[in-house]
Amino acid sequence: MQVFHVKQQSTQPHIMAVANQKGGVGKTTTAVNVAGELARRGRRVLLVDIDPQGNATTSLGIAKASLTVTSYDLLLGGAPPETIPQPSGRDRLDIIPADQELAGASIELVDVARREWRLRDGLVNLLPRYDWIIIDCPPSLGLLTLNALCAANAVLIPLQCEYLALEGLAQLKQTLERVRESLNPTLRIIGVVMTMYDGRTNLAQQVVDEVQRYFPRLICRTLIPRSVRLSEAPSHGRMAYEYEPNGRGTQAYALLTEELIGREERIL
């Protein structure tokens, strides 16, 4: 059994958005499992689901039909922020869930004051509760993702090991640079994590090599393998370590989390 040391409480949480405008790259799987691994290591973690599909919410076994408050209420002021985080059923891990109601938020936010800062404003009073806040973004570069990028101090980019992913990475990097220049100068890329890696194919290694060539300081050492068990876990409302404790995917997310801790906790 692994034993993790509990970290002392910090005064300012690390706020990390997990973002990629392309769907199907393992974004939610990464957000959920990194959040879970952080909590296992004694960090107090808040997982914020701002994807109208609510996949992070479902991945933790939370029935969306039973929700009374969601990230929609956090963004639109529908409830006091302090009442919105909910226990996930795991020690030290809370969640602000999402459901399809969030789909209308992008339209409703257009005429709202400080529309890009609604998420950050909503999180302000929650900051002392947590060591890490992980934001699972929708697969787009719209107003919901922009709110996440304005609230975060770091971005983790999951990138599927396929050729066309490189084109999307360049576009996302340009967007992040524009956000940093005009809205959030503290934002930075903490890493690019390669997902769905299959070492049996030449293409997967070629994509990794290409990302390594262009972004040598950004690519994470840990590769997340293509795994049926990782794909199955959310349908059971469980994280990787709960569903297959000794699986390759579980081990990979444990290593990735240690790598992110090393990159992030030296900074704040």
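Here, each number is a calculation from the coordinates, and none is a lab measurement. None of the values given here were measured: they were computed from a predicted structure. No Cβ is skipped: glycine too gets one built from the backbone with ideal geometry, and neighbour counts run over all protein chains shown.
Below are the figures for this structure:
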{"item": "Whole-Å semi-axes of the ellipsoid equivalent to region 77-178 (Cα gyration tensor, √5λ, descending)", "result": "25, 18, 13"}
{"item": "Modelled FRET efficiency - R0 30 Å, Ala113 with Arg178, Cβ distances, 0.05 increments", "result": "0.90"}
{"item": "Cα-derived Rg over Rh, computed across region 138-187 with Rh taken as Kirkwood radius", "result": "0.97"}
{"item": "Gaussian network model of the chain, springs between alpha carbon atoms under 10 Å - residue of Gly89, Gly54, Gly237 with greatest fluctuation", "result": "Gly89"}
{"item": "Listed residue (Thr250, Thr28, Gly122) projecting farthest to the positive dipole end of the chain, Cβ model", "result": "Thr250"}
{"item": "Under 5 Å, built H, 5+ apart or other chain: amide partners of His14", "result": "Trp132, Ile133"}
{"item": "Global geometry of region 192-268, whether rounded, prolate or oblate, following the gyration tensor of its Cα atoms and the 1.5 cut on a/c", "result": "oblate"}
{"item": "In region 68-173, the trypsin sites (Lys or Arg not before Pro) that fall in loop regions by DSSP, at most 11 other Cβ within 10 Å", "result": "Arg114"}
{"item": "The chain, dipole about Cα centre (Lys/Arg Cβ +1, Asp/Glu Cβ -1), debye to the nearest 20", "result": "660 debye"}
{"item": "Cα gyration tensor shape of region 14-264, rounded if a/c is under 1.5, else prolate or oblate by comparing a/b with b/c", "result": "oblate"}
{"item": "Mean ellipticity per residue at 222 nm, deg cm²/dmol - from DSSP H runs of n ≥ 4 across the chain, formula -39500 (n - 2.57)", "result": "-10500 deg cm²/dmol"}
{"item": "Anchor Lys22: aspartates and glutamates whose Cα lies under 19 Å away (excluding residues fewer than 8 positions away in-chain)", "result": "Asp49, Asp51, Asp136, Glu162, Glu167, Glu177, Glu210"}
{"item": "Percentage relative contact order, the chain, counting C-alpha pairs under 8 Å, at least six apart", "result": "25 percent"}
{"item": "Neighbour-count ranking [beta-carbon atoms within 10 angstrom, fewest first] of Val211, Val124", "result": "Val124, Val211"}
{"item": "Which of Cys137, Tyr163, Tyr72, positive extreme of dipole for the chain (C-beta unit charges)", "result": "Tyr163"}
{"item": "Over region 194-268, relative contact order from alpha-carbon pairs under 8 Å, at least 6 apart, %", "result": "29 percent"}
